[in-house]
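One structure is given below, encoded as structure tokens.
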Amino acid sequence: MEGKLIWWSPSPSWLMLSTLCLLLCAAQLQTSSATVAAAGTVPIPAGNVVPSAGVKLTSGKDEAMIDNGIIQLTLTNPGGFVRALKYQGVENVLETHEPDDFGGYFDVSWDHPGGEGKTEQVVGTKFTVITETEDQVELSFSSSWAASPKDLVPLNVDKRFIVQKGVSGFYWYVIVERLKGWPDVNMDQHRMVFRPKITMFKYMAVSDEIQKMMPAYKDRETGEKLAYPEAVLLTTAIEPEFKDQVDDKYQYSMEIKDHKLKGWISDDPKIGFWVISPSEEYIAGGPNKPELTCHCGPICLAMFTSVHYSGLDMVTEYRNGEPWKKVFGPVMVYLNSIVPSNDHAALWQDAKAQMEKEVQNWPYSFVASADYLPAAKRGSVSGQLLVDDKVLSPTPKEACTAYVGLALPGTTEVAFQFDVKGYQFWTQTDPKGNFVIKNVIPGDYNLYGWVPGVVGTFKHPNLITIQPGNEVKLGPVTYKAPRNGPTLWEIGIPDRSAAEFFVPDPDPKFVNKFFVDKPNEVKPGDCEPTTWQINFDLPDVCPTGNYTLQLALAGALETNTFVYVNDLNAKAPAFATERVGKDNAIARHGIHGIYWFFSACLPSNLFVKGKNSIFLRAARSGDFPFMGVMYDYIRLEAPPTQP
């Protein structure tokens with residue numbers, strides 16, 4: 001019966017006869033279960049036995065089915081859509097309504113320059129068995145653009161699925177390729193989409209903190225759309241607790257570095273459905289880019305590239321016949337059911353343990369494609385990052401917990417934020433500033449970094465070339481932090497976030513009660529442009545040289561920031577940023593989007609002895625209510641001290 005587990009109720013006499021046997025076997029069963037769980041294969045319900053059968057493939061005219069005795073994965077042939085996923089007696093834990101909606105698919109949002117945008121679910125046209133053994137089956141569902149109608153995205157796409165013996169789930173990766181000379185195209189988004197069964201999965205978990213029952217998608221369909229279509233006021237709700245609350249998929253976004261595990265839980269039967277992304281290397285934008293996770297539907301996402309929290313500042317254009325190739329994934333779809341501790345917390349903790357196992361095993365050794373490189377064909381880079389800020393210390397200091405990463409060569413210190421075409425490899429330094437970036441795909445990279453508590457971004461002056469099996473030992477590298485003079489005052493913490501700045505309270509009519517009184521969520525109210533006045537005293541004014549205002553923005557949308565000193569009505573500002581930002585992070589509940597940094601030189605004749613004011617005015621380019629900036633850090637420096 002779909003969606004139900006059928007239990008046999010034994011008679012009292014059978015229970016009496018079986019009690020002694022159960023007692024005698026209990027120790028052996030516990031030992032067996034513990035051994036299997038430690039191996040990281042299947043979360044064993046108490047008293048159950050792991051199936052020992054190998055992996056079996058059955059393929060027919062319109063579908064291919066892989067069964068390992070734990071899960072049964074059914075894929076359309078040759079389309080490569082996930083039609084069904086059987087687990088724990090449930091025939092399909094996914095929502096499938098053919099021919100338009102499947103339980104799992106890969107899609108691309110794209111357009112020809114000047115053309116209409118579309119989101120295309122990529123359809124395979126060729127089915128190939130790559131590996132078929134008792135231990136593993138790998139299948140390919142590929143499509144060639146040269147042999148396809150030209151109204152499809154100009155990409156060769158190879159969707160690969162892997163099922164292994166004894167593993168409670170499956171792996172999925174996608175190889176995309178543009179050949180040289182192909183037509184110009186914009187590709188804003190690549191992702192995998194999973195649709196757990198609506199009648200089962202109602203509890204969502206995307207982090208230790210964000211776990212909750214979710215409204216039904218029908219509640220959204222009957223609700224009131226607000227300032228942008230993703231935000232809906234639930235005017236009616238199947239479950240009364242959600243009535244008069246706001247649902248918005250962007251409320252559940254997480255930084256990419258925190259994206260490794262997300263999913264849904266069914267309460268009847270108690271099953272967890274999880275998507276595990278064991279690496280960030282194939283996800284665009286760097287470790288701190290916010291990205292979608294799960295949302296009302298139920299929907300679970302594996303995002304690879306997108307313009308979320310970045311806008312078209314991301315380089316999504318492919319021009320002049322530019323070739324491109326990239327492997328997205330593998331990601332793992334993991335299913336669990338833990339008895340007797342069959343509650344939300346137990347399922348989440350078990351999924352976290354599986355995620356950690358997948359991270360430790362990255363890069364995988366079982367992937368068949370030559371385009372996916374195992375550890376032996378990768379390299380590494382090591383070094384020590386130091387920070388040079390002469391005002392704070394006469395000698396460079398170790399950069400503790402700094403983010404250090406390799407990305408495609410770029411022309412600016414923050415180029416990695418806008419890159420979607422290459423791979424990125426990041427780590428954090430230890431307390432002494434030491435770092436090792438392992439398992440890097442061979443190629444040429446720039447080394448980027450930033451240090452919590454230090455303004456600006458580091459970029460190594462030399463190109464870093466990674467070769468298979470080699471470690472590049474950089475030794476100490478020094479980041480010369482932006483600094484012209486001693487600090488007069490500072491506001492905020494230089495950490496690429498606006499979390500410590502004031503956020504207006506929302507209209508009580510438009511809230512999600514789960515997030516009330518939770519930190520780090522921007523809650524747009526009446527979004528009017530304002531002028532911020534900063535008052536301060538100067539005991540003396542240096543008659544020569546320039547004062548410096550170090551201005552770091554945590555996000556922006558089509559806005560200039562004008563800086564005035566002591567005269568808001570001056571004919572021209574003392575400094576003006578360029579119009580920056582397309583990240584739309586304010587509207588999307590983000591506490592940051594794309595990072596921007598400016599050093600403003602302010603002539604000393606603008607200042608006076610005693611009371612002074614600096615005015616920051618945000619000038620929007622239009623009437624969209626969520627245009628504006630989010631500040632990260634502001635510092636006023638005196639002119640450089642003379643030796």
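The values are calculated or read from the model by the stated rules, or taken from the named source; none is laboratory data. All values derive from a computational prediction rather than experimental measurement. Using ideal geometry, Cβ is built from the backbone for each residue, glycine included, and neighbour counts are taken over all protein chains shown. Keep in mind that these areas ignore ligands, DNA and RNA; they rest on the heavy atoms of the full protein, side chains included. Shrake-Rupley method; radii C 1.70, N 1.55, O 1.52, S 1.80 Å.
Things to note:
- Scan region 300-332 for residues that are surrounded by fewer than 19 Cβ atoms within 10 Å (Cβ to Cβ) and part of a strand (DSSP E or B) and the total you get is 3.
- Conditions (1) buried (at least 21 other Cβ atoms within 10 Å of the Cβ); (2) at pLDDT 95 or above; number of the one not met by Glu134: (1)
- Subset of region 151-180 [in contact (Cβ under 8 Å) with a residue 40 or more places away in the chain, outside any strand (DSSP E or B), over 20 Å from Ala64 (Cα atoms) and open to solvent by less than 10 Å² (accessible area, probe 1.4 Å)]: Val153, Leu155
- Qualifying residue in region 535-546 (condition: surrounded by 14 or more Cβ atoms within 10 Å (Cβ to Cβ), of a type outside the set (Asp, Glu) and within 21 Å of Val414 (Cβ to Cβ)): no
- Matching residues, region 595-618, being within 22 Å of Ala499 (Cα to Cα), open to solvent by 10 Å² or more (accessible area, probe 1.4 Å) and hydrophobic (A, V, I, L, M, F, W, C): Trp596, Phe597, Phe598, Phe615, Ala618
- Residue pairs whose Cβ atoms lie under 7 Å apart, sitting 6 or more positions apart in sequence or on different chains, and linking a residue in region 96-114 that is farther than 23 Å from Phe328 by Cβ to a partner that is surrounded by 10 or more Cβ atoms within 10 Å (Cβ to Cβ), are Pro113/Asp184; Pro113/Asn186.
- Region 77-109: number of residues that are touching a strand residue (DSSP E or B) at 6+ places or on another chain (Cβ under 8 Å), open to solvent by 10 Å² or more (accessible area, probe 1.4 Å) and not small (Gly, Ala, Ser): 13
- Count of region 492-517 residues which are open to solvent by 60 Å² or more (accessible area, probe 1.4 Å), closer than 30 Å to Pro640 by Cβ and not β-branched (Val, Ile, Thr): 1
- When restricted to residues that are crowded, with 20+ Cβ neighbours inside 10 Å and out of contact with any helix residue (DSSP H, G or I) (no Cβ under 8 Å at 6 or more places or on another chain), region 576-586 contains 3.
- Criterion (assigned to a loop (DSSP other than H, G, I, E, B), under 30 Å from Thr487 (Cβ atoms) and β-branched (Val, Ile, Thr)) met by exactly one of Val454, Val420, Val367, Val404: Val454
- Filter result for Gly383 (at pLDDT 95 or above, within 18 Å of His460 (Cα to Cα), open to solvent by less than 40 Å² (accessible area, probe 1.4 Å) and out of contact with any Ser or Thr (no Cβ under 8 Å at 6 or more places or on another chain)): yes
- Checking each residue in region 285-299 for being buried (at least 24 other Cβ atoms within 10 Å of the Cβ) and polar (S, T, N, Q) picks out only Thr293.
- Residue in region 397-453 that is most open to solvent (accessible area, probe 1.4 Å), counting only those that are among the small types (Gly, Ala, Ser) and touching an Asp or Glu at 6+ places or on another chain (Cβ under 8 Å): Gly453
- Whichever residue in region 476-491 is open to solvent by less than 30 Å² (accessible area, probe 1.4 Å) and assigned to a strand (DSSP E or B) and, among such residues, is farthest from Pro363 (Cα to Cα): Tyr479
- Selection from region 600-617 of residues that are farther than 13 Å from Glu637 by Cα and of a type in the set (Gly, Ala, Ser): Gly610, Ser613
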